[in-house]
Structure formats: structure tokens, C-alpha cells
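Just so it is clear, none of the values below were taken in a lab; they were calculated from the coordinates. All of these numbers come straight from a predicted model, not from anything done at the bench. Because the Cβ atoms are built from the backbone with ideal geometry, glycine has one as well, and the counts that use them run over all protein chains shown.
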Amino acid sequence: MRILGITIPDEKRLEIGLTTVFGIGRARAHKILNEAKIDFGTKAKDLNTDEENTIRSIVEKYRLEGDLKREVSANIKRLKDIKAYRGLRHAHGLPSRGQRSKTNSRTRRGNVRKTMGTGRRKVEKT
């Protein structure tokens, strides 16, 4: 089964398989399946064409995949352009939601380790 050019895994339960589409999480997958009146545990390979079309028509109502990614990047660009604090944090590659950055935030800053030296070398007597 394909939705918006994404192949939904056949062997996974639909509530999990739908999350492969960018913009659909567990909560939205549950909402979609409830609206389509399909059991969460059903696998994608067990759906008939009517059920597939129902899911497709429901999914098309939401902003997903490329449109959503474009909107998110446009929002970040807007924050950078107006030089908002959050925009500057995005531009510098730092966490933008108030987390501490002295010791943590390794995923955001990259794993570059700085080793701390002892300060001075001992002077050898001759």
C-alpha cells in the first residue's frame, strides 16, 4: 500500500505503519483509523481496495510530507530573518527551547570533545 509516494510496510500493524509518513504520529494514525473504522491491529497487506482508498482520502486532508517540511523550514527561515532569539539559536546550531548547553545538547552541537589539560607543565630541573 502506498500513500503520498511512501510505501506502508505490509508486515506492521497499521497504527505503526502509518507513522512512516512524515507528519503522522501514533495519535494521528489512531484518529485516521477510527475515522475509517479500521482496527488498529490490521496489517496493510490485509486491507481491501475500499479500505485503502478510505485511508488515502482521510490522509489527503492533512498537511504531510513535502508540504509540511516546506512549512517548517519556512517558519525557521522567518525566525532567522527577523533575528528572533530562536532564529539565532537555529542559525548557530544550538538547542532553541531553553535547554542547557554547557554540558548537554550533544546531538545538536555534534560530538566534538575538548580535552581539558592540567594547565601547566612541570619544569624539569637540570
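Things to note:
- Note on His30, His92: ascending count of other Cβ atoms within 10 Å places them as His92, His30, the fewest first.
- Cα-only Debye scattering, the chain: base-10 log of I(q)/I(0) at q = 0.15, 0.17, 0.19, 0.20 Å⁻¹: -0.84, -0.91, -0.98, -1.03
- Exposed-loop-free span, longest in the chain, where GluC sites (Glu not before Pro) count as exposed if DSSP calls them loop and at most 14 other C-beta atoms lie within 10 Å: 61-123
- Fewest-first sequence of Leu33, Leu94, Leu4 by Cβ atoms within 10 Å of each Cβ: Leu94, Leu4, Leu33
- Two-decimal Rg to Rh for segment 16-81 - Kirkwood Rh, Cα set: 1.10
- Potential extension, Asn53-Val112 segment - 0.36 nm per residue separation minus Cα distance: 16.4 nm
- Lysines with Cα under 28 Å of Lys61, excluding same-chain neighbours fewer than 8 positions away: Lys12, Lys31, Lys37, Lys43, Lys45, Lys69, Lys77
- In this simple spin-label model, placing a label point 7 Å from the Cα along the Cα-to-Cβ direction at both Ser105 and Arg86 gives a separation of 1.5 nm.
- Met116, Met1 arranged by Cβ crowding within 10 Å, fewest neighbours leading: Met116, Met1
- Taking 7 Å steps out from each Cα toward its Cβ at Ile6 and Val72 produces label points 1.0 nm apart.
- Of Arg97, Arg63, Arg13, the one that fluctuates the most in a GNM where the chain has Cα springs shorter than 10 Å: Arg97
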